[in-house]
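Every number in this text was worked out from the coordinates using simple rules, so none of it is lab data. Quick caveat, the model's predicted, so the values are computed rather than measured. Here the Cβ is made from the backbone with ideal geometry for all residues, glycine too, and neighbour counts use every protein chain on show.
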Amino acid sequence: MLLLNFTHPLTAEQVQQLTAMLGDTPDVRHIPVQIDQQQPLEAQVRALVASVGLDPTQWQTEPIIVNPPGLAPVAVVLLAELHGRMGLFPAIVRMRPIAGSTPTRFEVAEIINVQQVRETARQQREPRP
């Protein structure tokens with residue numbers, strides 16, 4: 001299982017939490033994200049995804065989980081780019097601050113199957129005439 005981490009590096013504890021949730025230790029690839037706000041976003045995100053180094057078959061067959069970047073526009077364009085390459089939405093990691101931690105630390109809150117969210121949402125559509 002491949003975890004593409006587009007945000008802060010994961011701690012050993014966070015990887016252990018993911019392992020417990022997934023039932024397998026993920027192969028974590030950290031992809032540093034530096035966005036030039038003066039340049040178009042789409043091309044920058046495409047370059048980030050290309051830097052992962054997967055071929056078209058791997059994008060469509062590898063089990064992939066994504067820890068998205070915190071900047072919402074980058075995360076949205078990233079999910080669109082990944083959907084185009086994978087043919088479906090990847091599962092994502094949601095992190096949350098640990099209550100009462102000083103300094104603030106983060107833990108893995110959940111893994112969200114975004115494709116399942118999409119499928120469930122489709123059931124809310126009005127039938128076409």
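Can you match Cα Rg over 2.2 N^0.38 Å to one of these, (1) 0.96; (2) 1.04; (3) 1.14, based on a calculation from the structure here?
(3)
Determine one quarter of the surface area of the Cα convex hull of segment 66-119, which equals its mean projected area, and express it in nm² to one decimal.
Details: hull surface 16.6 nm².
Here the figure is 4.1 nm², rounded to one decimal.
Would you calculate a helix-derived [θ] at 222 nm for the chain, using -39,500 (n - 2.57) for each DSSP H run of n ≥ 4 and dividing by the full residue count, to the nearest 500? Write out the running numbers ahead of the final one.
Details: 5 runs with 51 residues, N = 129.
Computed mean residue ellipticity for the chain: -11500 deg cm²/dmol.
What do you get when you divide the Cα radius of gyration of segment 23-80 by 2.2 N^0.38 Å, with N the number of residues?
1.21
Check Leu3: other-chain or 5+ apart residues with amide H under 5 Å from its amide H, H built from backbone geometry?
Result for Leu3 returns Asp27, Val28, Arg29, Ile65.
How far is it, in nm, from the label point at Ala50 to the one at Thr19 when both lie 7 Å from their Cα along the line to the Cβ?
The modelled label-to-label distance comes out at 3.5 nm.
Just to be sure I understand the rule: take each whole DSSP H helix in the chain, project its Cα atoms onto its long axis, keep it if the span is 20 Å or more and its mean Kyte-Doolittle hydropathy is at least 0.5. Which ones pass?
Going by DSSP H runs, the hits are 72-86.
Order the peptides 60-69, 41-50 from the highest to the lowest mean number of other Cβ atoms within 10 Å of their residues.
60-69, 41-50
Highest first, please rank the peptides 91-97, 23-29 by the mean number of other Cβ atoms sitting within 10 Å of their residues.
On the way: 91-97: 16.1, 23-29: 13.3.
Ranking, from highest mean packing down: 91-97, 23-29.
Contour minus end-to-end for Gln58 and His30, with contour as 0.36 nm per residue of separation and end-to-end as the Cα-Cα distance?
Numbers: separation 28, 0.36 × 28 = 10.08 nm, distance 1.75 nm.
Taking 0.36 nm per residue and subtracting the Cα distance, the gain is 8.3 nm.
Within segment 13-49, list the residues whose amide N lies under 19 Å from a label point set 7 Å along Cα→Cβ of Gln115.
Counting backbone N atoms under 19 Å from the label point, the list is 22-24, 26-27.
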